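To start, the structure under review is shown below, and the notes come after it.
The values are calculated or read from the model by the stated rules, or taken from the named source; none is laboratory data. The model shown is predicted, which means the values in this text are computed figures rather than measured ones. All Cβ positions, even for glycine, are placed from backbone atoms using ideal geometry, and neighbour counts span all protein chains on display.
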């Protein structure tokens, strides 16, 4: 039957969820509405701005551009899953301390993209950081502090200063 | 007492050296950064309420049409639909940015004036049903011929967008200072050019969103992405005939605004509030980027004809401009946007004669309104590019010609007055130009032309200004409340709205600095019109200067109450005491002190019923020198003015015309005193890149008879990270007496300098002048080809 | 987006079964990076959606010196970009992928989905044509192999029956003395090219005469366009920069580019000259090295 809900079984931030979702539901809808994880933002809804970016099986993806059911059996990490209790992730700290946070709307997607980048490549070049940031639009910051914050976080994560 | 205080502030007061401040002038993290990086910060679209319905809008498929009939019966019958409304439900209410310009309806009733204008709305149990119901609403239109740019609009016999606005004129100004004809006659070189600035999106990534509900028949609450919540509160109060005290606008975190739509109302705001009333349940409407890019406010496209006369050594004798702009379907803020195209032309250079004629036309396009660099950027672009054109003819270096014309920084206690009666206590533009040129090694870069294969490089300079602490006619009241709790923690309540520019953090820092306590001790209450004092909102770069002033005054008031108690305790006069590092002490005998917490407890428990609440307002919101006169263009519309000089290097692919900014990029910015230097840096860099370089190289709405041809963020190119120059920011400190702690606005100045700097750099690299923005590759390519064939 | 019937087969056979049953009433979705956009816009509303993203058997990159490269249709763009095998033997594919859209798109979007979408502005198809690639298609009735060039029929139209699936892309082993390059005009990194060119040049080692050449354009016609007249100009000659410029002109004359909001047809023609020359020059350099 068209639109009949199907079972979605997937892990979000380490927790297993079992839901019934309509086939046309987007991953971002399920995260925000069903799981109340509103940290992942709803932006353009047309795959252009990237603020809905989450990590799926270690890779950064746009959650508005994935059918929720495609996440069946997969692991998703959202911004809410980054900090360990009160302890912030080095990327989150770098963004705060380096003044890379402005209105904040692109930040959850951007931080998740940065995490995916640094998990895969702990010592990215400036070019590689730019390429990663290219997928998430900002309207305010000029991107400079954000690029620098990712580099600072990379240094910290490598065991640097 | 209060009057004396105001008088004291007029003179350049004792300004502490930065080392003497505890918080101000040093880097400090934003107070809301943690909430944003963890995802806890809630934006309007994140807000959920029990029993909440989703709203959707029915939009017109015509750019200009009469509405003959609306039939909502089928929509009402769809299961899951809880309310359907049309424009008629608003009882003839019209609204506008000012009392004289109320020409827009919450939802159109008799006529639609731009494509996708809202005519009806539905609330239903989910988004899908709401949209399906909209499709079931049947609307009969009579299509009308329309006008789609100012040149069509101004033609004799052109269709009228508003029947009562002849000639489709939205607003016009004619100002005349000095004697431009005499100035031209005395000039060595006179030149006239026409420039064009593009129709642009505001570019914020968070589309407008609202959740509205009624707690009873006469009490309305909305959570909305509003940059100036008090505009909404007044408009909703008028719309629903409610006392202001019953209208509650609560501000969530806001994903930027830039002076645009979130400063103002959209169809969705009225729809959500009326639907909520009708359905008796909360209603949420969230726009998509498609809605934003097709219906929300744009930056005016403008056609600027500028005629300038200079002496043989490049000094300005006279400037005359004619500005034509496309205001779109409704008046909105066009009177102010267009006024500003002329208002700043007497800055940042010395100008003895200035004349302007400004015309803004109605068209059947979505309305135009403010955007960062409001009005000023258009004519600054024209002026600073033409200055380079003329400098080249005279054989004068672009940095040199600007230094020759720059307004000099007035001596302390003195004011510089322009021919249009703007007053400056500080003007750091000369130092900005010098420092920028030095930082980028201007002389070296200009000496040798750099070419690498098919890539040519060039540098360009521009200088600019922007008003700070906008003072407008009408309601300017701006206040703050500082409430000291019995345990020494502090609540700050301000109506000022942080749209991402960091004002919340600045207000907290100003409070903590004034009270002599730590930033962490301040808890800011975000705007909630039920509790926070009124504030005009976030526009015109007014928040730091004016809301900042109110905040400092409120903190001073609270401090005064505490020091009166402490002074009594120590047997001295209150002015003999100070509070610093959470200790109140006698200035000449610091060993006589009391901790902040003890003092507060003492104050709270000493007199029965005493509460320590500091109240402060901005006095500068009311013009010190006389209200701005829009019709003559005279008077200060800013409390003070920031100054910027920008130098940008570009790389041009000579075979394709593609232009890229390189990392050789510097902005020297005079914001009086940077209250939080890293925050100023980001704002300055972002101000230059997004709206500035965006206009110069990338951004442009393409229109086809009212239809937006590129309504998505890939076809409408918003500037991205890969192409962003790693710009260096230099602070020029002038310590303005009219701003809190010497501060002026930060970063709208750089929105005005980026485009001319890039275009001047493009000329330096290639010899071509691009006068119509953006300088897309194809445009540059044909210009290069033409230049080669002319040789 | 309208509701649809949804199937998520785990094997190719299961998937082919659905397609055979529903034919024109069904649409395959892989990564959905192209399809979801048009579905959300309401331009596409299939009754049945066959979600093949979960068919792990089609996610592979293998290389054999004799057989060449085999890429499963559900391999992501990012996997191609990062594959050591591809970087070593078919570097041009990795380079092309690096410039394709954004990382998020490449992490989820598949090469098969991209090729079946049939966008003449797309980057992979021209590069695969330059590589002389073939596609393996399968239905319940059997398999067929066609060339990448034959696959493209018209704008957004490919030679894929309603009951067929793309299984893999086959690229012959790299030839000696052959260089391949891909260049496109991007305003911003990751943009679809205003135009693009993929060029393969094979030289005779003894005298550096061009033995074989393929020049394929993107966004210059309704399909990825092989400009054969331009190719012919190179064959049998020692390639000079003067010849490259001439070839660019010929390619430009063969092209039939669109005019749209990003560029006029006239400008695109000029850019064909530039990018054919640039890609050919790079391919030539690579051919000389080995």
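Quick notes on this one:
- Here is the figure for segment B:166-190: residues that are in contact with a strand residue (DSSP E or B) (Cβ under 6 Å, 6 or more places away or on another chain), within 30 Å of residue B:372 (Cα to Cα) and not in a helix (DSSP H, G or I) total 8.
One line per residue, one yes/no per condition, for (1) within 9 Å of chain A (Cβ to nearest Cβ); (2) surrounded by fewer than 22 Cβ atoms within 10 Å (Cβ to Cβ); (3) at pLDDT below 95:
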| residue | (1), (2), (3) |
| --- | --- |
| B:699 | no, no, no |
| B:704 | no, yes, no |
| B:708 | no, no, no |
| B:717 | no, yes, no |
| B:721 | yes, no, no |
| B:727 | yes, no, no |
| B:736 | no, no, yes |
| B:739 | no, no, yes |
| B:747 | no, no, yes |
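- Test: residue in segment B:274-290 that is out of contact with any strand residue (DSSP E or B) (no Cβ under 8 Å at 6 or more places or on another chain), assigned to a loop (DSSP other than H, G, I, E, B) and either at pLDDT below 95 or within 30 Å of residue B:421 (Cα to Cα) (or both): yes
- Within segment B:141-177, considering residues that are within 25 Å of residue B:336 (Cβ to Cβ) and loosely packed, with under 14 Cβ neighbours inside 10 Å, the one nearest to the chain's Cα centre (by Cα): B:174
- The conditions of being more than 30 Å from residue B:701 (Cβ to Cβ), in contact with a strand residue (DSSP E or B) (Cβ under 9 Å, 6 or more places away or on another chain) and crowded, with 19+ Cβ neighbours inside 10 Å are not met by residue C:255.
- Pick from segment B:476-515, criterion under 13 Å from residue B:613 (Cα atoms) and in a loop (DSSP other than H, G, I, E, B), ranking: farthest from the other protein chains (Cβ to nearest Cβ): B:486
- Filter result for residue B:638 (out of contact with any helix residue (DSSP H, G or I) (no Cβ under 6 Å at 6 or more places or on another chain) and modelled with pLDDT under 95): yes
- Scope segment A:89-103; condition out of contact with any helix residue (DSSP H, G or I) (no Cβ under 6 Å at 6 or more places or on another chain) and more than 7 Å from chain B (Cβ to nearest Cβ); matching residues: A:89, A:93
- Tallying residues that are out of contact with any strand residue (DSSP E or B) (no Cβ under 8 Å at 6 or more places or on another chain) and modelled with pLDDT of 95 or more within segment B:228-241 yields 1.
- Residue B:258 crowded, with 24+ Cβ neighbours inside 10 Å and under 15 Å from residue B:538 (Cβ atoms): yes
- Residue match in segment A:37-54 (condition: touching a strand residue (DSSP E or B) at 6+ places or on another chain (Cβ under 9 Å), away from chain B (no Cβ under 12 Å), surrounded by fewer than 24 Cβ atoms within 10 Å (Cβ to Cβ) and on the phi < 0 side of the Ramachandran plot): no
- Of the criteria (1) assigned by TED's automatic domain parsing to the domain that holds residue A:47; (2) in contact with a helix residue (DSSP H, G or I) (Cβ under 6 Å, 6 or more places away or on another chain); (3) more than 19 Å from residue B:42 (Cα to Cα), which one residue A:74 fails: (2)
- Within segment B:228-273, the residues that satisfy the criterion of being outside any helix (DSSP H, G or I) and more than 14 Å from chain A (Cβ to nearest Cβ) are B:228, B:241, B:242, B:243, B:247, B:248, B:249, B:250, B:264, B:265, B:266.
Table: residues versus (1) within 12 Å of chain A (Cβ to nearest Cβ); (2) closer than 25 Å to residue C:272 by Cβ; (3) at pLDDT below 95; (4) crowded, with 24+ Cβ neighbours inside 10 Å.
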{"site": "B:648", "(1), (2), (3), (4)": "no, no, no, yes"}
{"site": "B:652", "(1), (2), (3), (4)": "no, yes, no, yes"}
{"site": "B:655", "(1), (2), (3), (4)": "no, yes, no, no"}
{"site": "B:658", "(1), (2), (3), (4)": "no, yes, no, no"}
{"site": "B:662", "(1), (2), (3), (4)": "no, no, no, no"}
{"site": "B:670", "(1), (2), (3), (4)": "no, no, no, yes"}
{"site": "B:675", "(1), (2), (3), (4)": "no, no, yes, yes"}
{"site": "B:681", "(1), (2), (3), (4)": "yes, no, yes, yes"}
{"site": "B:685", "(1), (2), (3), (4)": "yes, no, no, yes"}
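- Scan of segment C:39-75 for residues that are surrounded by 14 or more Cβ atoms within 10 Å (Cβ to Cβ) and more than 20 Å from residue C:124 (Cα to Cα), ordered by number: C:39, C:40, C:44, C:46, C:47, C:48, C:49, C:50, C:51, C:52, C:54, C:55
- Matching residues in segment A:1-20 - criterion: being within 14 Å of chain C (Cβ to nearest Cβ) and either closer than 21 Å to residue A:85 by Cβ or out of contact with any helix residue (DSSP H, G or I) (no Cβ under 7 Å at 6 or more places or on another chain) (or both): A:1, A:2, A:3, A:4, A:5, A:7, A:9, A:20
- Among the conditions (1) within 14 Å of chain B (Cβ to nearest Cβ); (2) surrounded by fewer than 24 Cβ atoms within 10 Å (Cβ to Cβ); (3) free of Cβ contacts under 8 Å to residues at least 40 places away in the same chain; (4) over 20 Å from residue A:32 (Cβ atoms), the only one that residue A:83 does not satisfy is (4).
- Residue within segment C:234-244 that is over 29 Å from residue C:159 (Cα atoms) and within 14 Å of chain B (Cβ to nearest Cβ) present: yes
- Within segment B:211-227, being closer than 18 Å to residue B:267 by Cβ and out of contact with any strand residue (DSSP E or B) (no Cβ under 8 Å at 6 or more places or on another chain) holds for one residue alone: B:227.
- Which listed residue, of B:394, B:403, is surrounded by fewer than 19 Cβ atoms within 10 Å (Cβ to Cβ), over 19 Å from residue B:671 (Cβ atoms) and in contact with a helix residue (DSSP H, G or I) (Cβ under 7 Å, 6 or more places away or on another chain): B:403
- Residue list for segment B:759-791, filter: away from chain C (no Cβ under 13 Å), farther than 18 Å from residue B:451 by Cα and assigned to a loop (DSSP other than H, G, I, E, B): B:769, B:770, B:771, B:773, B:791
- Residue within segment C:127-136 that is assigned to a loop (DSSP other than H, G, I, E, B) and crowded, with 23+ Cβ neighbours inside 10 Å present: yes
- Just one of the listed residues (A:126, A:62, A:158) is over 26 Å from residue C:76 (Cα atoms) and either more than 7 Å from chain B (Cβ to nearest Cβ) or at pLDDT below 95 (or both), and it is A:158.
- Any hit, segment A:104-113, residues being surrounded by 21 or more Cβ atoms within 10 Å (Cβ to Cβ), modelled with pLDDT under 95 and facing chain B (nearest Cβ under 7 Å): no
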